[in-house]
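FYI, it's all coordinate maths here, none of it is from the lab. Here the structure is a predicted model, which means the values were calculated and not measured. In this analysis, Cβ positions are derived from the backbone assuming ideal geometry, glycine residues included, and neighbour counts consider all displayed protein chains.
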Amino acid sequence: MRLGKVATWVIALIVIVVVVIAAVVAIMLARPPAPTAPATTTTSPTPTVRKISFYTWWAGLERFAIDYLIANFTKDTGIQVEKTAVPGGAGVNAKFAIIALIMAGKPPEAFQVHCGPEIISYFMATPHKAEDFADLTSVGKEIGILDTPVGQVCLLSGKLYALPVNLHRANLILMNKHILDQYGITPPRTLDELLAACDKLKAAGVPCMVQAGADLFTVLHLWEQIFLAVAGPQKFVQFMYGMLSPDDPSIKQATEIFLKLADTFPPDWMALDWTSAVARVVDGKGAFHVDGDWAVGLIFNVYPKVKMCPIDAITPDCDIIVAPFPGTQGIYNMVIDAVGVPKGPNVDLGIQFAKYFASRQGQKIFNPYKGSIAAYPDLGKDIYFIDVQKWEVDEYARSKAQVFSLTHGALFSDVWDMLLKKAVELAQYKQAALSSWYDTVAKALQLERQLWEQSGMFIGSCDKPFAGVLPPWAKC
Ligand code: GAL
């Protein structure tokens, strides 16, 4: 009896459940689908990823120092950096890629640039010129970089638009000691000694000067060092301001020596980039390479077994001798890498990156791997792993003159581009390209001056103009 009652209840319950389910299904089918909730209605806030993009040409075999710096910055600040590396030494491709982004109104949060007029070329690409870039003068004061000589020469008409992260030297020559020993050549200290060494090596079928055509810049770089040796620092600064006469004899003199050296390049020089030119000298397939001390950084990072030594302290186990370019002793041809920050929605993050990079902490991380020296003299020599960089600290301290490298910052980008290409043509076609080279130098000087005048700017400040030169267009 009791069992029969329970069974009746169970059956009744099942019937009720089935009816309810059927009703619900019927109602659901009859209804339009419920709208999906918009993604923004979440109640718990999601943490925003702080990320910036940094445009640079430190790619490939040149990536080590920048990657190390970025990794430390992200670790210390939590800000991610997307490194967009446009390959091509000296920025042969990157500079115009950045200018194009700026012109399109889509600048990166931060970008690599040289101190010198080069940065004004970026101003020229924006509607409000320098106003479209963060004025970093107060940040420079805060981190102490403005108290250093490097910080001072990065001023444009008294303002800092890019924070310097190092000091490279452009007037260097790397020599394969084994080749010199084999042919009984003493490391050259004058242009005549260099020319004599090259005559000897050429006669023996050994490439003497290994410069690279594929990424253009080491060719103009070589002409520039010869010009510095024959013209001296004052005329060199006049060239930077477009104030030198194109008829100055130093231009012809430098060009004639350049042609002699270009005649000793390896036959395939047009296929080499600067890193492969360095490799040739390291491998003993050529005697000399003229470049900045990023080549020292490259050897340190990529060929750790190769022993480098400064010309003033040549040791028996030395493989590569590093020396001032013959005839430029006592001059520091400066290449100063810096970070510029266009104004934009993330300008604060861009400034934070530039500030970290240019600080003592950032420079201590970056420079030992880069081949350059830190801009803060008080960082001392102990932060470097190799003797050549320690020697460079002394070389800079005792230098009698400092100039800005024409190939790396001292020219407006359009002027630079025209000289870069013409110098390669000159090395290729020699006498046949000579008159067109002189025409280009004259046009370059004229345009350089015109662009300076148009900008109204100058290097340094009214109190301390760079190299004591206050150009006529400076308003002080
Ligand atoms: C220079 C730059 C150096 C190094 C070199 C070769 O213009 O200042 O840091 O990158 O080009 O790419």
Handout entry: Computed P(r) (all Cα pairs; the stretch 357-398; 5 Å bins; percent)
Key = 5, 28, 38, 21, 7, 0
Fill in the blank from the handout: Taking a ≥ b ≥ c as the square roots of the eigenvalues of the Cα gyration tensor, with a/c under 1.5 meaning rounded and otherwise prolate when a/b exceeds b/c and oblate if not, the stretch 43-124 is oblate
Handout entry: Computed label-point distance, nm, for sites Phe385 and Glu142 using a 7 Å Cα→Cβ extension
Key = 3.3 nm
Fill in the blank from the handout: Length gained if Tyr68 through Thr84 is fully extended, taking 0.36 nm per residue and subtracting the Cα-Cα distance, is 4.3 nm
Completion exercise
Correct response: the longest run of the chain lacking exposed chymotrypsin sites (Phe, Trp or Tyr not before Pro), defined by DSSP loop and at most 16 other Cβ within 10 Å, is 184-384
Completion exercise
Kirkwood Rh for the stretch 41-199 from C-alpha pairs, in Å, is 19.2 Å
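Using the Kirkwood formula over every pair of different C-alpha atoms, what hydrodynamic radius in Å results for the stretch 186-258? Don't skip to the end; give the middle numbers.
Values: mean 1/r = 0.0735 Å⁻¹.
Across the stretch 186-258, the inverse of the average 1/r is 13.6 Å.
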Completion exercise
Both in Å, the radius of gyration and Dmax of the C-alpha trace of the stretch 233-282 are 15.2, 39
Problem - Alpha-carbon centroid distance for the pair the stretch 387-403 / the stretch 224-249, whole angstrom - result: 22 Å
Practice task
Using the 2.2 N^0.38 Å rule of thumb for compact globular proteins, work out how the stretch 207-315 stacks up: its C-alpha Rg over that value, please.
Solution key: 1.18
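To the nearest 20 debye, what charge dipole does the stretch 219-307 have about its Cα centre, counting +1 at the Cβ of each Lys and Arg and -1 at the Cβ of each Asp and Glu?
Numbers: 7 positive and 10 negative charges, 61 e Å.
Roughly 300 debye for the stretch 219-307.
Quote the charge dipole size of the chain about the Cα centre in Debye, to the nearest 20; the model charges only the Cβ of Lys and Arg (+1) and of Asp and Glu (-1).
Details: 41 positive and 44 negative charges, 361 e Å.
For this selection, approximately 1740 debye.
With +1 on each Lys and Arg Cβ and -1 on each Asp and Glu Cβ, how big is the dipole of the stretch 354-472 about its Cα centre, in debye rounded to the nearest 20?
160 debye
Would you kindly state how much longer the chain becomes between Lys464 and Gln329 on full extension, computed as 0.36 nm times their sequence separation minus their alpha carbon distance, in nm to one decimal? Intermediate results must be reported in sequence, preceding the final value.
Working: separation 135, 0.36 × 135 = 48.60 nm, distance 2.47 nm.
Between Lys464 and Gln329, full extension yields 46.1 nm more.
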Practice task
Place +1 on the Cβ of every Lys and Arg and -1 on the Cβ of every Asp and Glu in the stretch 104-149, take the dipole about the Cα centre, and give the residue among Gly116, Gly140, Thr126 whose Cα lies farthest towards its positive end.
Solution key: Thr126
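Under the Kirkwood approximation applied to all pairs of distinct alpha-carbon atoms, what is the hydrodynamic radius of the chain in Å? Mind dumping the intermediate values first?
Details: mean 1/r = 0.0408 Å⁻¹.
In the chain this quantity evaluates to 24.5 Å.
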Problem - For q = 0.23, 0.27, 0.29, 0.32 Å⁻¹, Debye-computed log10 I/I(0) when each Cα of the stretch 285-333 counts as one equal scatterer - result: -0.99, -1.25, -1.32, -1.37
Completion exercise
If N is the residue count of the stretch 90-146, its Cα Rg over 2.2 N^0.38 Å rounds to 1.19
Practice task
Starting from the Kirkwood radius over alpha-carbon pairs of the stretch 309-461, derive D by Stokes-Einstein at 37 °C in a medium of 0.692 mPa s and give it in µm² s⁻¹.
Solution key: 174 µm²/s
